[in-house]
Amino acid sequence: MLDVRNMLEELLIGSIFFGTGGGGSPKEANAIFQRLAKSTGMPKLASLKEFPSDAVFVSAFTVGSSGASGAAEQPILRAAENIISMLSRPVEGVVPVEIGPLALATAFHLAEELKVPVLDADIVGGRSAPEVFLETITLFDLPRTPLAVSNAAGDDAMLLRASTFRQEESFLRDFAMRSDGQAYVVGYPLSAEQLRKSTEQGTVTRTVRAGKLLAGGERQTLDREFSLKSFGKGEIVEIREEEAGGFSQRWVTVRFSTSTLCIFVKNEYLVVTLGDRIVVSCPDLIMLLNDEGMPLYGASLEQGQLVEVVAAPALPLWRSPAGLKLFSPRQFGFESDAVLL
């Protein structure tokens, strides 16, 4: 097991990078990490190889608009208590739902409370995604239920089973919209054997590595190790925003010296267009960096800001035929399959 207490700054920076604009508030995540750094119960990071095949893991995350915020600690603990009371086996670890700032901080917070390690993997496949079903476990038809959801007002609900993953999404989004835009979920009781086949391994240590390179200004190494492609540096000249079904959705226009790119954002940066043509899309990762080369959280973007638009290839599960079909621009209303680097 790995002690990450002295790696939390790199973990936060890397999580903003792989969060692709989403993954929850970096400010809230940093507050949790700062508290954890002083805690005697700071969870370790563990590899799946360290557990028996029938070990049980749960996941914890927020659901709602990236513009919403609130204290997650108490609702997450209530949701965890509700789930654990239903399980026949003890929970042996927490698997992050995705690689994003608040998603990772929430996983470490819950692991601290349960006195278990955090798994060096994630459910979404090395990045963040805007909808609950956009997870690599969907490719293997694995259940997310039972799951518990809570809010800061003290309301709790349980979903024991659902007919489709879209019904699960609808249940959680409806609860979040009635909770000032933010709700807190614990669920996905999955075994080590199930996670072994359905998730990408090593994604948390990969995040620490990216954060270290970003913090150290080692751009050439970052580009080489993560196959990063730059689409250029320019100025944000327009941000057209709207709320759609509990999501923060917008078009961000970046003007370069000789061209203009438009970025479709639904919590995460998902599609980059040049005129009517998509130049890169999900499931590949799209990131915006500031003029100091540091990754930008989507809710922090401002008109007039200087940014660099970059992209990196998705991990293998998302580039499989099933992955490309699921995490496609078509999910967001585009008449196009995925456009990869």
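What follows draws every value from the coordinates through simple rules; no lab data is involved. Only a predicted model underlies this, so the values are computations on that prediction, with no experimental measurement involved. Cβ atoms come from the backbone with ideal geometry, glycine included; neighbour counts cover every protein chain shown.
Tabulated data for the structure shown
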read-out: Pairwise label distance in nanometres, MET294 with GLU241, each label 7 Å out on the Cα-Cβ vector; value: 2.1 nm
read-out: FRET efficiency for SER163 and ALA31, using Cβ-Cβ distance with R0 set to 30 Å, rounded to 0.05; value: 0.20
read-out: Kirkwood Rh, angstrom, segment 227-332 [1 / mean 1/r, Cα pairs]; value: 14.2 Å
read-out: Derived scalar couplings ³J(HN,Hα) [segment 210-222; Karplus, 6.51 cos²θ - 1.76 cosθ + 1.60; whole Hz; x for Gly, Pro]; value: 4, x, 5, 5, 5, 5, x, x, 8, 5, 4, 5, 4
read-out: Förster radius 41 Å - calculated FRET efficiency between GLN74 and PHE256 (Cβ-Cβ, nearest 0.05); value: 0.35
read-out: Net lengthening on full extension, SER230/ARG178 (0.36 nm per residue, minus Cα-Cα); value: 14.7 nm
read-out: Peptide ranges 142-151, 17-26, 83-92 listed from the most packed, as the mean C-beta count within 10 angstrom indicates; value: 17-26, 142-151, 83-92
read-out: Integer Hz, Karplus 6.51/-1.76/1.60 couplings in order for segment 177-184, x for Gly and Pro; value: 5, 8, 10, 6, x, 9, 9, 10
read-out: Structure-derived volume of the Cα convex hull per residue in Å³ - corresponding label in (i) 192; (ii) 169; (iii) 122; value: (iii)
read-out: Cα-centre dipole for the chain with unit charges at Cβ (Lys and Arg positive, Asp and Glu negative), debye to 20; value: 500 debye
read-out: Spatially proximal lysines relative to LYS115 (Cα-Cα < 30 Å; intrachain offsets below 8 disregarded); value: LYS27, LYS38, LYS44, LYS49, LYS197, LYS212
read-out: Sum of -39500 (n - 2.57) over DSSP H runs of 4+, divided by residues of the chain (222 nm, nearest 500); value: -8500 deg cm²/dmol
read-out: LYS49 versus SER170: modelled label distance in nm, points set 7 Å from Cα along the beta carbon direction; value: 4.4 nm
